[in-house]
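Asker: Sharing a structure, written as structure tokens. Questions coming.
The values are calculated or read from the model by the stated rules, or taken from the named source; none is laboratory data. Note that this is a predicted model, so its numbers are computed, not measured. Cβ placement follows ideal geometry from the backbone for every residue including glycine, while neighbour counts extend to all protein chains displayed. Ligands, DNA and RNA are excluded from the accessible area calculation, which covers all protein heavy atoms including side chains. Shrake-Rupley method; radii C 1.70, N 1.55, O 1.52, S 1.80 Å.
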Amino acid sequence: MAERMSTPYYITTAISYPNGRPHIGHAYEAIAADAIARFQRSMGRDVRFQTGTDEHGLKMAQAARARDITPRALADEMASHFKEMDDLLNISYDRFIRTSEAEHYAASQALWKAMEANGDLYLDRYEGWYSVRDEAFYDEKELIAGDGEAKLSPQGTPVEWTVEESWFFRLSSYQERLLALYRDQPDFIRPESRRNEVMSFVSGGLSDLSISRTSFDWGVPVPGSPGHVMYVWVDALTNYLTGLGYPDGGETFDRYWPANLHLIGKDIVRFHAVYWPAFLMSAGIELPQQVFGHGFLLNRGEKMSKSVGNVVDPGAMAERYGVDQLRYFLLREVSFGQDGSYGHESIVNRCNAELANSFGNLAQRTLSMIFKNLDGELPALDRNEEDAALVRAVAAACLDETPRAFEQLAFSVGIEAWMKAVFACNQYVDAQAPWALRKSDPERMKTVLGTLFSVIRDLAIAILPIIPDSAAKLLDQMGIAADGRDFAAIEDQAWYDALRTSGYKVAQPVPLFPRLELEEAKPDVRRQPLPPELRRPRRPPAGSPGGCARGGRHDHAQYLDPRRRMGCGPRDSRARARCMGKRRHPSA
Ligand code: MSP
């Protein structure tokens, strides 16, 4: 009942073209949207989260033809890979929509009819440039020069001259209303740089938009116009309505529409921030609150492309680094909204320094000391000013800085604030030295360990949206009930004593984050083989100078307490095992 009363929040991702398997860019968007959905749930909102696949259009038809199968068979095969990716990455969607679903045809046709009834559609002849890869029409003035005589779209993709009878949408008559929207609702397009691009595009004047095709039939049929299928973007954008039950309306639609956030990549902002609101205005449907165009993920600074052979399989990355490690890295490393680069070393360094060495070790050491020295029992607390200062520092991060940044989609800023609180805890451990207090002042040791237990719980709750599986495993070990893991629970002052007197005991803790090896990159990317003369010699084996680089130390030395650092100097057998490419758990 409480959930029904809470504020609704509807978030969507772009729906991906299933003309091939998902790549890391798709995973990035799904992970970011999932972190937002989880964060909003944790703030007590009633979240509806939709993702899916965009299955029509020429691109799909051509990809299917190349494999000599039907577009539907291709879509069935590939959509299942997108779904598997989402499930693997712990994407907590409520609805996975496929645009080949019958109800989506009904929704798209209803939207079409509403635009037609408003007098915004007319039949004419289209002559102009079309990019199959972008599924987009371009004006001559937007094209850029390619090799020789070739013309390319602004995205650098090939364009072809297309002449067809087509239905048009009177986009030109929406220019003023769109500009008014951007002015009156400044957050409609974020970040600011994309808003500026869109405003200057619309200010330059809008041409009417060709919205049907006759040269192929893989699409939603245009109502009452045999031979025409809808332009793929008309039906694709409608997915956001279909998933809520449009056109029949009903409780779900009334509750969640208009969407709070369409999360998409920067390459498709125009479709969402120009065409989509114009279609909705025409059909008399309320507009979404925000379109956020995130940046692109680059492979070591390079654009991913099948021809370059650097397309990365998210499943292989998750397998190699761990799902939560991948999620954490992408959201921590990239300033959300801007392009970001990833590479093996940066993932390993970041995850080792922050997840394994800082947060994981903090939790592991604390639970382990309570287990060993207090027989697993939570102590009563007799806090002094130092303890209170730590509690305040962690609360400032977990209740203010981190959620405030997450609310703004500034993940890296929010995680940074969280990490600072983790460092504060580790400094506190070093300063209090509970292992020494065991003999000198056992009562004080109890308060130190109990204080650490309480702040670790707050840290785990605050980071749940980013690393849901690991943080939940930690909270499980800490005896924190599933309904006590949201931001409201952090504010609850009474939980510790309630848990302490409940008979709960800390068991031997299980480490959360295996330490990753900074070894030569395994083939996590689907590379095309290099000619022998370009191949690099293999790196020296582990144990020889430079064979086991623990690069995290260079970048993050200031965060690491030498007592916590796993021995990098003398080569003991554990260190050698770690250097052999195995993932190992750090011990307490
Ligand atoms: N089907 C359209 C979207 C229709 S939404 C009504 C489409 N599909 S896509 O498969 O090409 O892209 C899906 C999403 O992934 C888009 O938001 C796109 O920007 C994003 N990305 C594709 N490559 C990307 C990166 N390399 N990095 C980050 N995001 C990327 O566009």
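Asker: Of all residues in region 10-60, which are hydrophobic (A, V, I, L, M, F, W, C), within 30 Å of H228 (Cα to Cα) and open to solvent by 10 Å² or more (accessible area, probe 1.4 Å)?
Answerer: Selection gives A14, I15, L58.
Asker: Here is a check on your reading of the model: is T252 more than 16 Å from the ligand (Cβ to nearest atom), surrounded by fewer than 23 Cβ atoms within 10 Å (Cβ to Cβ) and over 26 Å from the mean Cα position of the chain (by Cα)?
Answerer: Considered against the rule, which asks whether it is more than 16 Å from the ligand (Cβ to nearest atom), surrounded by fewer than 23 Cβ atoms within 10 Å (Cβ to Cβ) and over 26 Å from the mean Cα position of the chain (by Cα), T252 comes out as no.
Asker: Looking only at region 338-347, decide whether some residue is touching a residue at least 12 places away in the same chain (Cβ under 8 Å), in a helix (DSSP H, G or I) and under 22 Å from I463 (Cβ atoms).
Answerer: yes
Asker: Next question. Does T7 fit the bill of being modelled with pLDDT of 95 or more, touching a Lys or Arg at 6+ places or on another chain (Cβ under 8 Å) and either more than 9 Å from the ligand (Cβ to nearest atom) or open to solvent by less than 50 Å² (accessible area, probe 1.4 Å) (or both)?
Answerer: Answer is yes for this residue.
Asker: Of the numbered conditions (1) in a helix (DSSP H, G or I); (2) open to solvent by less than 10 Å² (accessible area, probe 1.4 Å), P465 fails exactly one; give the number of that condition.
Answerer: Exception for P465: condition (1).
Asker: For the subset of region 278-330 comprising residues that are of a type in the set (V, I, T) and either open to solvent by less than 10 Å² (accessible area, probe 1.4 Å) or in contact with a helix residue (DSSP H, G or I) (Cβ under 9 Å, 6 or more places away or on another chain) (or both), which member is farthest from the ligand (Cβ to nearest atom)?
Answerer: Out of the qualifying residues, it is V323.
Asker: May I ask you to verify whether P18 is more than 14 Å from the ligand (Cβ to nearest atom) and either touching a residue at least 40 places away in the same chain (Cβ under 8 Å) or among the basic types (K, R) (or both)?
Answerer: It is false that P18 is more than 14 Å from the ligand (Cβ to nearest atom) and either touching a residue at least 40 places away in the same chain (Cβ under 8 Å) or among the basic types (K, R) (or both).
Asker: Going through D54, D34 one at a time, which residue ends up being within 28 Å of D254 (Cβ to Cβ) and within 11 Å of the ligand (Cβ to nearest atom)?
Answerer: After applying the criteria, what remains is D54.
Asker: Can you pull out every residue in region 208-218 that is of a type in the set (G, A, S) and open to solvent by 60 Å² or more (accessible area, probe 1.4 Å)?
Answerer: S215
Asker: If we keep just the residues of region 400-442 that are open to solvent by less than 30 Å² (accessible area, probe 1.4 Å) and more than 31 Å from the chain's Cα centre (by Cα), which is nearest to N357 (Cα to Cα)?
Answerer: Among them, the one singled out is V429.
Asker: Can you spot a residue in region 103-110 that is open to solvent by 70 Å² or more (accessible area, probe 1.4 Å), away from the ligand (no atom under 12 Å from the Cβ) and assigned to a loop (DSSP other than H, G, I, E, B)?
Answerer: no
Asker: Sort through L381, L437 and tell me the only one that's farther than 30 Å from D187 by Cβ, in a helix (DSSP H, G or I), of a type outside the set (D, E, K, R) and out of contact with any His (no Cβ under 7 Å at 6 or more places or on another chain).
Answerer: L437
Asker: Among the residues of region 219-245 satisfying the criterion of being within 16 Å of the ligand (Cβ to nearest atom) and within 13 Å of R95 (Cβ to Cβ), which is surrounded by the most Cβ atoms within 10 Å (Cβ to Cβ)?
Answerer: G243
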